[in-house]
Amino acid sequence: MKRVSGKDNPTVKHITKLMKSSAYRREQDSYIIEGIRLCTDALDSHVKIQTVVFSEKFTETHAKLIRPFVEVCESTLICSDKLFSQISDTGTPQGILCIIKRTGRKFSVERNGIYLGLEHIQDPSNMGTILRTAEALGVKGIIVTKDSCDIFSPKVIRGTMGAIFRLPIYECQNMAYEVQKMNKNQITTIATTLHQKSIPITEITEQQKQSCAVIIGNEGNGLTPQTISECQIKAVIPMQGKAESFNASVATAIILWELCRTKEQLPLVTE
C-alpha cells in the first residue's frame, strides 16, 4: 500500500476531477464510489476496481475489510483523515473510496422482458431512485439519453444503492430512434404521457406486458413529441385529488410495478 500526503498527488488530483466533472468521467471511462456499503457491493459485484483509497482511521478500525480490496485492485493508497475529508464528496466520510472502470454497457433489447427508457431526466436524486427501483423490479435493461444527468455522478451512484453495478445500461443520442428499433423487434413501446389517446396503465394487456419498454420523460416537460409519436401506446397513471402529476421516480415505480406485478418471478417481500 502506498501512502499519499497532499492534494498535489496525481492520484488525488485525478480523484478530485472524477468527483466534480462529468466530462472528465467520460474521458477517463471511470467514476468514484464512496463508503463501506457501496465499495463492498462493488467488490461482490465483480466490477473493475482500479484504485482503492483508505483513510488512516479506516485502516485501524476496519482492518479485516482491507485485504479483499488489496487482492483485486490495481493500486491501494492510504492518506490522512484530513486529506480524505478534503477529497470526499460526503459530509461524514467513512474512510474508503474506489475508482471504478466503466465497462461496455450496450445491450440488445430482446423479447420477453421489461425495459426502461429515460429521456432527459435531470434530477440526480430521481435518477438514482429510478435505477434502484428498476433493479428491484427486474428490469432487463435501461436506455438513457445522453442529455440526462450523469448516471455516474456521486449523487446518482449513492441513490442507486449498488444497482449501477448490475444493471445493463445503454446511453443513446435519440430516444425516438431507439423506440423505432424496438417497435421493429416487436417490443411494445409505452409512452408515459397525458395524451388524447392515453389509456390507464392498468389497461395494458398481459400479452403486451410480456415484451415491453416504458419510456419516462423529463421532470418538467415530459417526453419529446417525437418519442411520444413513435410509441405504440400512450399511458397514464389513474389519479385522484388535485395533484397534476407524480414525481418522476414515483411514477416509474408505480408503472413498473403494474407492468410486472403479475409475473411469477416477482417475489413477495415479507421482511
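The values are calculated or read from the model by the stated rules, or taken from the named source; none is laboratory data. Just so we're clear, the structure is a prediction, and the values are computed from it rather than from any experiment. As a convention, Cβ positions derive from the backbone with ideal geometry for all residues, glycine included, and neighbour counts pool all protein chains shown.
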Exercise for the section: Name the one entry in R26, R37 that is more than 13 Å from I96 (Cα to Cα) and either loosely packed, with under 15 Cβ neighbours inside 10 Å or out of contact with any helix residue (DSSP H, G or I) (no Cβ under 8 Å at 6 or more places or on another chain) (or both). Expected result: R26
Exercise for the section: Might you check whether a residue that is in a strand (DSSP E or B) and hydroxyl-bearing (S, T, Y) occurs anywhere in segment 28-41? Expected result: yes
Exercise for the section: Could you check how many residues of segment 23-76 are among the acidic types (D, E) and free of Cβ contacts under 8 Å to residues at least 12 places away in the same chain? Expected result: 4
Handout entry: Residue count, segment 79-100 (criterion: surrounded by fewer than 19 Cβ atoms within 10 Å (Cβ to Cβ) and either in the same structural domain as C212 (by TED's automatic domain parsing) or among the β-branched types (V, I, T) (or both))
Key = 2
Completion exercise
Counted residues in segment 77-95 being without any contact (Cβ under 8 Å) to a residue 12 or more places away in the chain, within 16 Å of I36 (Cβ to Cβ) and of a type in the set (D, E, K, R) come to 0
